[in-house]
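Enquirer: One structure follows; several queries about it will come next.
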Amino acid sequence: MVKNIAHAAAAMALTGMLAMPAMAQDKFIVVASTTSTQDSGLFGHILPIFKAKTGIDVRVVAQGTGQALATAKKGDADVVFVHDKVAEAKFVEEGFGLDRREVMYNDFVIVGPKADPAKTAGKDAIAALKKIEAGKQPFASRGDKSGTHAAELRYWKAADIDPQTGKGGWYRETGSGMGPTLNTASAMSAYAFTDRGTWLSFKNRGELVILVEGDTKLFNQYGVMLVNPAKHPHVKKEMGQQFIDWLTSAEGQAAIAAYKIEGQQLFFPNYVALRKAA
Amino acid sequence: MQEIPQSFSLALSLIASLDANLLAIAGLSLRVSGVAVLLAALLALPLGAWLALARFPGRQGVIAVLNGMMGLPPVVVGLLVYLLLSRAGPLGSLGMLFTPSAMVVAQALLIFPIIAALVRQVIEDAWGEYREQLLSLNASRGQAMMALLFDMRFTLITAVLAGFGRAIAEVGAVMIVGGNIDGVTRVMTTAIALETSKGDLPLALALGVVLIAMVVVINLAAQGIKTLAMRKHG
Amino acid sequence: MASAASTSAGADIASCILPLRVEALGFRAGDVIALDGVSLNVMPGTRNIVLGANGAGKSVLLRLLHGLLAPTSGRLQWHGGDDADVRRAQAMVFQRPVMMRRSVRENIEFALRLVHAADIDKKAAEALELVGLARLADRPARLCSGGEQQRVALARAWALKPEVLFLDEPTASLDPAATRAIEETVNAMHAAGTTIVMTTHDLGQAKRLADRVLFLHHGRLVEDAPAKDFFLQPTSPEAAAFIRGELLW
């Protein structure tokens, strides 16, 4: 008898649990995005505004850009919101994404120990990287195929340096997200390449400060795309499109611009600006 | 090193203030791991008992594999479940990825071998003691299994708790299949990982303290029930 | 069926599967010969005491007869019934009683339920009455004393109304009072028609209970005689020595 009751209770708990996500929120989309947008707190700021307007719950899975695109490719997200122009273009070209729009940008900075042993401080990112390599100063890299990692590699290339030669020595790939990489850099007083948003919301800075910023080459463009419903028919295209439209609307762009940490604006909406330019 | 004392006081104030966000996350952790342990135990109890009593060629090999799988890396389990549940995978049509249900499945898979292996050990030891008596009473294999499971119930609580502890403390699997979505699939461990990556180490550690406290309280409660019951039933 | 025939401790138990004929029974585990060439008959209504020193093969013989071990040589022939009848018509009480983690009453009901008996409540109550433990019915069996547990084991066996009851040194670890209670119960069961096969190394117990003595030495049955003959004029030197050595045991 007691056992029967226990079994019944267990069965009920189980059904209740499994049914829960479906019942709790039917009106939602999954957005594969990057750690920089999530960790910086941007989504925490803009998503409630979008939800209040449309009733749509946006579920953000924050990954590196490479992983986010892979998630979307498998059809496990409705919308991708990332920052790696080259990879995004390829994604659209292969037919996985539709209607790519440039939404906003932030900028990258190079952080490093306050003492700055490589004397990198200034505006010129390429020169800074060259000095780090020349001085064999420790440098912590994401090494995770994320948008930031891809950007970092482009700058090394522009500086005509193959950082792989320093692997195991001064060049250290953490193979993890921006935050963990900054934790590593902080722990060993290494230089690191990071987006400003993550840096501003990052608390465990230790000896690290911003050393290189303001180089126009360091702008970091974010793009948003709908996952192609032709490839994955279950994609919630209406709601996904609604989200993309809102991000690029005057209201969405204003919401992005309004997000600040310590009085600093983190993301600069540029969808409209681009339209005008085009 | 002031982070550690800072974390403890932060943990205390989080608990004391019944922070709504924390309650939601802790609640989800308990629900996901609770259902996972229930599912895993429902399968592992009969299977472990069966393996304890059955004799067949290759049994030692099966036991070795089962014992080995007690140490399954959560990331690998997570990846496996991810590939199964992904829209591109065989079970994609269920649309379960990035939901608590997916986390339940991953954790259940992760802890099933732990519970089954411990159950097998407990029941096999008990079988040594009860075997002749049960056979003398003409118990069938199935009846013997049920009788042993029932008689060892207090010891088996420990096996189930071991599974629960593993489930609620793991981050690798739930991170991958849950996606750490705020308000939907964020549990204690993924929240800790997130705060760590934000560099908010005191908050991360405070959440860790809360998690450990939860696990300890649950174990204390189970231990208390077990002690009382054993005193009552011998 | 034996179990259906009687409803009270005093009622007779019908003979279905006895006599048991055993021919050249042997059991060997690896290089160790535990039992060798044992032939005997168990007749209905008798109290058979298997005597012998530790390691003589008493327990192995009992387990072979009860079917817990399969003989490596020789054979064992029950008179009647199919395999299921034969198994159900027997019960065994072990040296160390195995109590389930439940109440005394539930321990007995558990055994009855395994054979799908009817009137389980009544049969359990009667069995407890017989061993004088009705007042302990609701106590957790594992919290009973050793003597009480052995009586519960006897009640559990008795509830099944076995035609043959095997007892393996049931009083070996009990004090005299508990031993006496067990012996009285065994006699009550015998009086109700159950055939008793019991091992002991206690000569006094053998004298008190035996109709017939089977004396084992080093795995061989060296003497098989009515009790009074065995104790007065043992025919084998081993048995004679065993009886003389009584005080030392």
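Enquirer: Kindly indicate whether any position in the stretch C:153-160 is more than 12 Å from chain B (Cβ to nearest Cβ), in contact with a Ser or Thr (Cβ under 7 Å, 6 or more places away or on another chain) and of a type in the set (A, V, I, L, M, F, W, C).
Expert: yes
Enquirer: Would you check if A:GLN164 is surrounded by fewer than 21 Cβ atoms within 10 Å (Cβ to Cβ) and either aliphatic (A, V, I, L, M) or in contact with a strand residue (DSSP E or B) (Cβ under 6 Å, 6 or more places away or on another chain) (or both)?
Expert: On the way: surrounded by fewer than 21 Cβ atoms within 10 Å (Cβ to Cβ): yes; either aliphatic (A, V, I, L, M) or in contact with a strand residue (DSSP E or B) (Cβ under 6 Å, 6 or more places away or on another chain) (or both): no.
Considered against the rule, which asks whether it is surrounded by fewer than 21 Cβ atoms within 10 Å (Cβ to Cβ) and either aliphatic (A, V, I, L, M) or in contact with a strand residue (DSSP E or B) (Cβ under 6 Å, 6 or more places away or on another chain) (or both), A:GLN164 comes out as no.
Enquirer: Same structure again: For the stretch B:203-225, check the following and say yes or no: at least one residue is in contact (Cβ under 8 Å) with a residue 24 or more places away in the chain, among the small types (Gly, Ala, Ser), within 25 Å of B:ILE115 (Cβ to Cβ) and surrounded by fewer than 18 Cβ atoms within 10 Å (Cβ to Cβ).
Expert: Yes, there is a match, as at least one residue in the stretch B:203-225 is in contact (Cβ under 8 Å) with a residue 24 or more places away in the chain, among the small types (Gly, Ala, Ser), within 25 Å of B:ILE115 (Cβ to Cβ) and surrounded by fewer than 18 Cβ atoms within 10 Å (Cβ to Cβ).
Enquirer: Here is a follow-up. Can you name the helices (runs of 4 or more DSSP H) wholly within the stretch A:17-110 that have at least 3 residues being more than 30 Å from A:ASP124 (Cβ to Cβ) and within 13 Å of chain B (Cβ to nearest Cβ)?
Expert: A:42-54, A:65-73
Enquirer: Now for a different question. Residues that are outside the structural domain of A:ALA118 (by TED's automatic domain parsing): find the strands (runs of 3 or more DSSP E) completely inside the stretch A:149-234 holding 1 or more of those.
Expert: A:219-227
Enquirer: Same structure again: Does B:ILE212 qualify as being closer than 26 Å to B:PRO46 by Cα, of a type in the set (A, V, I, L, M) and away from every other protein chain (no Cβ under 13 Å)? Before the answer, list the steps.
Expert: Working: closer than 26 Å to B:PRO46 by Cα: no; of a type in the set (A, V, I, L, M): yes; away from every other protein chain (no Cβ under 13 Å): yes.
Judged against the criteria, B:ILE212 is not a match.
Enquirer: Moving on. Out of (1) more than 30 Å from C:VAL38 (Cα to Cα); (2) away from every other protein chain (no Cβ under 14 Å); (3) touching a strand residue (DSSP E or B) at 6+ places or on another chain (Cβ under 7 Å), the odd one out for C:GLY147 is which?
Expert: It fails just one condition, (3).
Matching residues to (1) acidic (Asp, Glu); (2) within 14 Å of the chain's Cα centre (by Cα); (3) over 24 Å from A:PHE267 (Cα atoms); (4) within 13 Å of chain B (Cβ to nearest Cβ):
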{"residue": "A:PRO138", "(1), (2), (3), (4)": "no, no, yes, no"}
{"residue": "A:ASP144", "(1), (2), (3), (4)": "yes, yes, no, yes"}
{"residue": "A:ALA151", "(1), (2), (3), (4)": "no, yes, no, no"}
{"residue": "A:THR165", "(1), (2), (3), (4)": "no, no, yes, no"}
{"residue": "A:THR174", "(1), (2), (3), (4)": "no, no, yes, yes"}
{"residue": "A:THR184", "(1), (2), (3), (4)": "no, no, yes, yes"}
{"residue": "A:THR194", "(1), (2), (3), (4)": "no, yes, no, yes"}
{"residue": "A:TRP199", "(1), (2), (3), (4)": "no, yes, no, yes"}
{"residue": "A:GLY206", "(1), (2), (3), (4)": "no, no, yes, yes"}
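Enquirer: Since C:ALA192 meets every condition but one in (1) surrounded by fewer than 20 Cβ atoms within 10 Å (Cβ to Cβ); (2) farther than 21 Å from C:ALA124 by Cα; (3) aliphatic (A, V, I, L, M), which condition does it not meet?
Expert: Of everything listed in (1) surrounded by fewer than 20 Cβ atoms within 10 Å (Cβ to Cβ); (2) farther than 21 Å from C:ALA124 by Cα; (3) aliphatic (A, V, I, L, M), C:ALA192 misses just condition (2).
Enquirer: If we scan the stretch B:70-80, do we find a residue that is free of Cβ contacts under 8 Å to residues at least 24 places away in the same chain, surrounded by 22 or more Cβ atoms within 10 Å (Cβ to Cβ) and within 14 Å of another protein chain (Cβ to nearest Cβ)?
Expert: Scanning the stretch B:70-80, I find no residue that is free of Cβ contacts under 8 Å to residues at least 24 places away in the same chain, surrounded by 22 or more Cβ atoms within 10 Å (Cβ to Cβ) and within 14 Å of another protein chain (Cβ to nearest Cβ), so the answer is no.
Enquirer: Which numbered condition in (1) assigned to a loop (DSSP other than H, G, I, E, B); (2) surrounded by 19 or more Cβ atoms within 10 Å (Cβ to Cβ); (3) over 21 Å from the mean Cα position of the chain (by Cα) is the only one that B:GLY183 fails?
Expert: (2)
Enquirer: Moving on to the next point. Determine which single condition C:ASP83 fails, assuming it passes every other condition in (1) buried (at least 20 other Cβ atoms within 10 Å of the Cβ); (2) free of Cβ contacts under 8 Å to residues at least 40 places away in the same chain; (3) within 13 Å of chain B (Cβ to nearest Cβ).
Expert: C:ASP83 satisfies all of (1) buried (at least 20 other Cβ atoms within 10 Å of the Cβ); (2) free of Cβ contacts under 8 Å to residues at least 40 places away in the same chain; (3) within 13 Å of chain B (Cβ to nearest Cβ) except (1).
Enquirer: Still on this structure: Taking the condition within 8 Å of another protein chain (Cβ to nearest Cβ), without any contact (Cβ under 8 Å) to a residue 24 or more places away in the chain, closer than 18 Å to B:MET230 by Cα and crowded, with 17+ Cβ neighbours inside 10 Å, does B:ALA139 pass?
Expert: Here the answer is no, as B:ALA139 does not meet what is asked.
Enquirer: Looking at (1) under 21 Å from the mean Cα position of the chain (by Cα); (2) closer than 22 Å to B:LEU12 by Cα; (3) crowded, with 21+ Cβ neighbours inside 10 Å, can you tell me which one B:LEU194 breaks?
Expert: Every condition holds for B:LEU194 apart from (1).
Enquirer: Moving on. Just the residues that are buried (at least 22 other Cβ atoms within 10 Å of the Cβ), touching a residue at least 60 places away in the same chain (Cβ under 8 Å) and either more than 10 Å from every other protein chain (Cβ to nearest Cβ) or assigned to a helix (DSSP H, G or I) (or both), please, taken from the stretch C:88-112.
Expert: C:ARG88, C:ALA89
Enquirer: Give me the pairs: first residue in the stretch C:61-80 and within 11 Å of another protein chain (Cβ to nearest Cβ), second residue in a loop (DSSP other than H, G, I, E, B), beta-carbon distance under 9 Å, and six or more apart or on different chains, which are they?
Expert: That search, which allows pairs on different chains as well, returns C:LEU62/C:LEU68; C:ARG63/C:LEU69.
Enquirer: Could I ask something else about it? Would you be able to tell me the number of residues in the stretch B:1-20 that are under 15 Å from B:ILE212 (Cα atoms) and not hydroxyl-bearing (Ser, Thr, Tyr)?
Expert: 7
Enquirer: Separate question: Pairs, please: C-beta under 6 Å, at least 6 apart or cross-chain, first residue assigned to a loop (DSSP other than H, G, I, E, B) and in the stretch C:133-157, second charged (D, E, K, R) and surrounded by fewer than 24 Cβ atoms within 10 Å (Cβ to Cβ)?
Expert: Matching pairs, first to second residue: C:ALA137/C:ARG105.
Okay, residues lined up against (1) surrounded by fewer than 18 Cβ atoms within 10 Å (Cβ to Cβ); (2) over 23 Å from C:PHE242 (Cβ atoms); (3) of a type outside the set (Asp, Glu):
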site: C:ASP31; (1), (2), (3): yes, yes, no
site: C:GLY37; (1), (2), (3): yes, no, yes
site: C:PRO44; (1), (2), (3): no, yes, yes
site: C:ARG47; (1), (2), (3): no, no, yes
site: C:VAL50; (1), (2), (3): no, no, yes
site: C:LEU61; (1), (2), (3): no, no, yes
site: C:LEU64; (1), (2), (3): no, no, yes
site: C:ALA70; (1), (2), (3): yes, yes, yes
site: C:GLY74; (1), (2), (3): yes, yes, yes
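The values are calculated or read from the model by the stated rules, or taken from the named source; none is laboratory data. It should be emphasised that the depicted structure is a prediction, and the values quoted were computed from it without experimental measurement. Ideal geometry is used to build each Cβ from the backbone, glycine not excepted, and the neighbour counts take in all protein chains shown.
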